[in-house]
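> Once you've had a glance at the structure underneath, I'll fire off some questions.
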Amino acid sequence: AVVSTQSTGEIDLDKVKLVYTTRVLNYWEQLKDFKSHPTMLKETLVCMLTWFVCASLFYGFSFGWSKLSSNLYISYLFSALGNFIAFSLTVPVCNLMGRKRAMLFFLICGIVSNCLAMPDLKLSDTWSLEYVACLIGNLSISGAFGTIYIYTCELAPTTHRGMVMSFSSSSARIGSFLGTYTSLLYDITDRRVPLAVFAGATLISAVGVFFFLSDTTGRRIPETPRDVELLAGKNKYQEVEEGGKDEKV
């Protein structure tokens, strides 16, 4: 819309002129938008990486409990309880800490739990430090999985949200079956190797979130790729007409 501002700086709604533009939003045009809008491309790639890591750890834990405890039923019972608690806490934690801080909180808890699981320490005949730490890690990564769902939807613009979610979900599919194969390393190598792989992957994801994703808490959701760039402070995407104090918004 072309908005004419008065001398007082207030917008006169009676003088707002709507400018309609037509645009074909097909698959190829949406892909080309990632090239011309680097912030959207960067955030999408980081989201894909985070989805990959979350799915890898989530399913790595889910299919690896038989290697951590002799009682498979108790392991899956505690795992299901942890998932229930994590998904129940996702929205309150996001509202309390903000999207970005909540994401980093869950990822850092996942890193710490994988590191704590490395020492050989028996807490009792049936419980070990590795077992307890992996239960905490399972809860943490479940919370991260729930948070990245919300976070990605708020980062992606309305016009490209379906494509961004499809890319992220596809990367999670790849991570889900790679995570199960990573847990098989327990049988052929030292048990610390898969834990180190999971901790390292989570660390890379946390670094990407910290440096390359913006916090969406309390911020309006972008509608177009241009909005993503403007919210990131890229003022060159702002169209301004100097003549007559007319602004294109």
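> Can we say Ser166 is free of Cβ contacts under 8 Å to residues at least 40 places away in the same chain and closer than 30 Å to Asp227 by Cα?
yes
> Going by what's in this entry, would Phe106 be described as open to solvent by 20 Å² or more (accessible area, probe 1.4 Å) and touching a residue at least 24 places away in the same chain (Cβ under 8 Å)?
The answer is no for Phe106.
> Taking the stated definitions as given, is Ser214 modelled with pLDDT of 90 or more, open to solvent by 50 Å² or more (accessible area, probe 1.4 Å) and either over 14 Å from Thr44 (Cα atoms) or out of contact with any Cys (no Cβ under 9 Å at 6 or more places or on another chain) (or both)?
no
> Do you know which residues across the range 64-87 are modelled with pLDDT of 80 or more and open to solvent by less than 60 Å² (accessible area, probe 1.4 Å)?
Ser79, Ala80, Gly82, Asn83, Ala86
> Follow-up. Any residue at all in the range 114-128 that's open to solvent by less than 10 Å² (accessible area, probe 1.4 Å) and in a helix (DSSP H, G or I)?
Scanning the range 114-128, I find at least one residue that is open to solvent by less than 10 Å² (accessible area, probe 1.4 Å) and in a helix (DSSP H, G or I), so the answer is yes.
> Which residues, counting only those in the range 76-90, are touching a Ser or Thr at 6+ places or on another chain (Cβ under 7 Å) and either hydrophobic (A, V, I, L, M, F, W, C) or not in a helix (DSSP H, G or I) (or both)?
Ala86, Phe87
> Within the range 26-57, track down each residue that is open to solvent by 30 Å² or more (accessible area, probe 1.4 Å) and under 16 Å from Tyr149 (Cβ atoms).
If the condition is that a residue be open to solvent by 30 Å² or more (accessible area, probe 1.4 Å) and under 16 Å from Tyr149 (Cβ atoms), then Met48, Leu49, Phe52 are the ones that fit.
> A further question follows. Residues being within 17 Å of Ala133 (Cβ to Cβ) and not in a helix (DSSP H, G or I): count how many of those fall in the range 172-202.
2
> Separate question: Taking Ser169 as meeting all but one of (1) over 12 Å from Ile111 (Cβ atoms); (2) open to solvent by less than 80 Å² (accessible area, probe 1.4 Å); (3) more than 13 Å from the chain's Cα centre (by Cα), write down the number of the exception.
(3)
The values are calculated or read from the model by the stated rules, or taken from the named source; none is laboratory data. All values derive from a computational prediction rather than experimental measurement. Positions of Cβ are backbone-derived with ideal geometry, glycine not excepted, and every protein chain shown enters the neighbour counts. The protein model used for the area step is the full one, side chains on, heavy atoms only, and it has no ligands, DNA or RNA in it. Shrake-Rupley method; radii C 1.70, N 1.55, O 1.52, S 1.80 Å.
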